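Enquirer: The structure follows.
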Amino acid sequence: MSIKRWFRSIFEKPKPLGREILSKRIDNKEGNWRLHLRIEPNGEGVLIINASRVIHLNQTGAEIAKYIIEEKSPKDIIGIMTKRYRVSSDRVKKDIDRITDLIEVMLKTDEICPITYLDVDRISPFTTPVSAPYRMDLALTYRCQNNCEHCYVGRPKDMEELDTDKWKDIITRLWEIGIPHLVFTGGEATLRDDLIELVEWAENTGLVTGLNTNGRRLSDRELVRGLTDAGLDHVQITIESHDKKIHDEMVGSEGAFDETVRG
């Protein structure tokens, strides 16, 4: 090795690992959680807990989090990081412990402020560049049983829909560019016969899945069981009013309130 290359190996910052997204599901007697780590092109990372809490990591923090998610032992992580960054094993161990503790606390409680209690720096919204959104909503169809005057969908209800395979390709592509959270919407997504299949595809790919719905079809036990078995993580049901008459008038459909409540 030349002197120039030797000096470079000592003083140059190691190159980033490369863009990647990892997913980990944790299920035990204490609860169920989803972890996603998105490593950005510059080597920094975004750790997303249950598709709702976001921690930004520098390059070394992102690498340690990656190895933790991949279930490498502390000994193996120390070996990798000391060789790669030429730092002491004690320093790496402290970083491993800190990141592990941070993940565990953020998983198990929503009551602790990470800025106050975990020595995490606050980052103002929209000040950190990201390579992809944290969430994507997919309008599977513009069909709907309701006829809301205030509907934000600017499309005819009979607009041509993508078939199942095309939606699967889109879901796979969303994962590949680093989006960890997907919400199925419309129109009314439960009118799609392949909704369960698409939820299962997204879950098996690694995404957290949600559903925005008017709830009218959720009284169908077979549909609900299918969505549950497919792994659907959360549901948002729209009710316009506690008053049946007001609700039905707002959605432009008589009897809609009763169906939504049954759902």
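The values are calculated or read from the model by the stated rules, or taken from the named source; none is laboratory data. In this text, all values refer to a predicted model and were calculated from it rather than measured experimentally. Note: ideal-geometry Cβ built from the backbone for every residue, glycine included; neighbour counts use all protein chains shown.
Enquirer: Inspect all residues belonging to the range 205-224 and state whether any of them is among the hydroxyl-bearing types (Ser, Thr, Tyr) and either more than 16 Å from the chain's Cα centre (by Cα) or farther than 30 Å from LEU37 by Cβ (or both). Steps first, please.
Expert: Taking the range 205-224 and keeping what is among the hydroxyl-bearing types (Ser, Thr, Tyr), we get 205, 209, 213, 219.
Then drop every residue that is not either more than 16 Å from the chain's Cα centre (by Cα) or farther than 30 Å from LEU37 by Cβ (or both), which leaves 213, 219.
Yes: one or more hits.
Enquirer: Let me ask something else. Any residue at all in the range 154-166 that is closer than 21 Å to LEU218 by Cα, of a type outside the set (A, V, I, L, M) and out of contact with any helix residue (DSSP H, G or I) (no Cβ under 9 Å at 6 or more places or on another chain)?
Expert: Within the range 154-166, one or more residues are closer than 21 Å to LEU218 by Cα, of a type outside the set (A, V, I, L, M) and out of contact with any helix residue (DSSP H, G or I) (no Cβ under 9 Å at 6 or more places or on another chain).
Enquirer: Right, something else. Test each condition in (1) assigned to a loop (DSSP other than H, G, I, E, B); (2) closer than 25 Å to THR238 by Cα; (3) hydrophobic (A, V, I, L, M, F, W, C) for MET136 and report the one that comes out false.
Expert: Failed condition: (1).
Enquirer: Can we say ILE196 is over 26 Å from ARG262 (Cβ atoms), among the β-branched types (Val, Ile, Thr) and surrounded by 17 or more Cβ atoms within 10 Å (Cβ to Cβ)? Show your work before the answer.
Expert: Working: over 26 Å from ARG262 (Cβ atoms): no; among the β-branched types (Val, Ile, Thr): yes; surrounded by 17 or more Cβ atoms within 10 Å (Cβ to Cβ): yes.
So ILE196 does not fit the description; no.
Enquirer: How about the range 171-208: which of its residues are closer than 11 Å to LEU140 by Cα and either part of a helix (DSSP H, G or I) or not assigned by TED's automatic domain parsing to the domain that holds CYS144 (or both)?
Expert: To start, the set of residues in the range 171-208 that are closer than 11 Å to LEU140 by Cα comprises 183-195, 198.
Passing the criteria: ALA189, THR190, LEU191, LEU195, LEU198.
Enquirer: Among the candidates LYS72, LYS66, which residue alone is over 17 Å from GLY206 (Cα atoms) and of a type in the set (Lys, Arg)?
Expert: On the way: LYS66 fails: over 17 Å from GLY206 (Cα atoms).
Just one listed residue meets the conditions, LYS72.
Enquirer: Residue under question is HIS247, and the condition is that it be more than 28 Å from LYS24 (Cβ to Cβ), free of Cβ contacts under 8 Å to residues at least 60 places away in the same chain and in a helix (DSSP H, G or I); does it hold?
Expert: Working: more than 28 Å from LYS24 (Cβ to Cβ): yes; free of Cβ contacts under 8 Å to residues at least 60 places away in the same chain: yes; in a helix (DSSP H, G or I): yes.
So HIS247 fits the description; yes.
Enquirer: Could you say whether any residue in the range 177-187 is free of Cβ contacts under 8 Å to residues at least 40 places away in the same chain and either surrounded by 14 or more Cβ atoms within 10 Å (Cβ to Cβ) or among the basic types (Lys, Arg) (or both)? Walk me through how you get there before you give the answer.
Expert: Taking the range 177-187 as the starting set, the residues that turn out to be free of Cβ contacts under 8 Å to residues at least 40 places away in the same chain are none.
No - not one qualifying residue is present in the range 177-187.
Enquirer: Assuming GLU240 fulfils every condition listed in (1) of a type in the set (Asp, Glu); (2) within 29 Å of VAL54 (Cβ to Cβ); (3) in contact with a helix residue (DSSP H, G or I) (Cβ under 9 Å, 6 or more places away or on another chain) apart from one, which condition is it?
Expert: (2)
Enquirer: While we're here: So, of the residues in the range 129-157 that are among the hydroxyl-bearing types (Ser, Thr, Tyr) and surrounded by 12 or more Cβ atoms within 10 Å (Cβ to Cβ), which turns out to be modelled with the lowest pLDDT?
Expert: Residues of the range 129-157 that are among the hydroxyl-bearing types (Ser, Thr, Tyr), as a first pass: 131, 134, 141-142, 152.
Narrowing further to those that are surrounded by 12 or more Cβ atoms within 10 Å (Cβ to Cβ): 131, 134, 141-142.
On the way: SER131: 84, TYR134: 90, THR141: 95, TYR142: 93.
Top of the filtered list is SER131.
Enquirer: Looking at (1) surrounded by fewer than 18 Cβ atoms within 10 Å (Cβ to Cβ); (2) modelled with pLDDT of 95 or more, find the lone condition where VAL261 falls short.
Expert: (2)
Enquirer: Out of all the residues in the range 158-170, which are assigned to a loop (DSSP other than H, G, I, E, B) and either modelled with pLDDT of 90 or more or not hydrophobic (A, V, I, L, M, F, W, C) (or both)?
Expert: Taking the range 158-170 first, the residues assigned to a loop (DSSP other than H, G, I, E, B) are 158-163.
ASP158, GLU160, GLU161, LEU162, ASP163 - these are the residues of the range 158-170 that are assigned to a loop (DSSP other than H, G, I, E, B) and either modelled with pLDDT of 90 or more or not hydrophobic (A, V, I, L, M, F, W, C) (or both).
Enquirer: Select from the range 41-90 the residues that are outside any helix (DSSP H, G or I) and farther than 28 Å from ILE177 by Cβ and list them in ascending order.
Expert: Initial filter on the range 41-90 (outside any helix (DSSP H, G or I)): 41-58, 70-73, 86-88.
Result: SER73, ARG86, VAL87, SER88.
Enquirer: Take the range 69-88 and flag every residue that is over 22 Å from LYS24 (Cβ atoms) and polar (S, T, N, Q).
Expert: Correct list: THR82, SER88.
Enquirer: Hey, can you tell me all the residues within the range 158-168 that are surrounded by fewer than 13 Cβ atoms within 10 Å (Cβ to Cβ) and within 14 Å of GLU197 (Cβ to Cβ)?
Expert: Kept after step one, since they are surrounded by fewer than 13 Cβ atoms within 10 Å (Cβ to Cβ), are these residues of the range 158-168: 158-160, 163, 165-166.
Hits for the range 158-168 are ASP163, ASP165, LYS166.
Enquirer: Mind listing whichever residues of the range 1-25 are aliphatic (A, V, I, L, M), surrounded by 10 or more Cβ atoms within 10 Å (Cβ to Cβ) and at pLDDT below 85?
Expert: We begin by selecting, within the range 1-25, every residue aliphatic (A, V, I, L, M); these are 1, 3, 10, 17, 21-22.
Right, trim to surrounded by 10 or more Cβ atoms within 10 Å (Cβ to Cβ) and you get 17, 21-22.
Residue satisfying the conditions is LEU17 alone.
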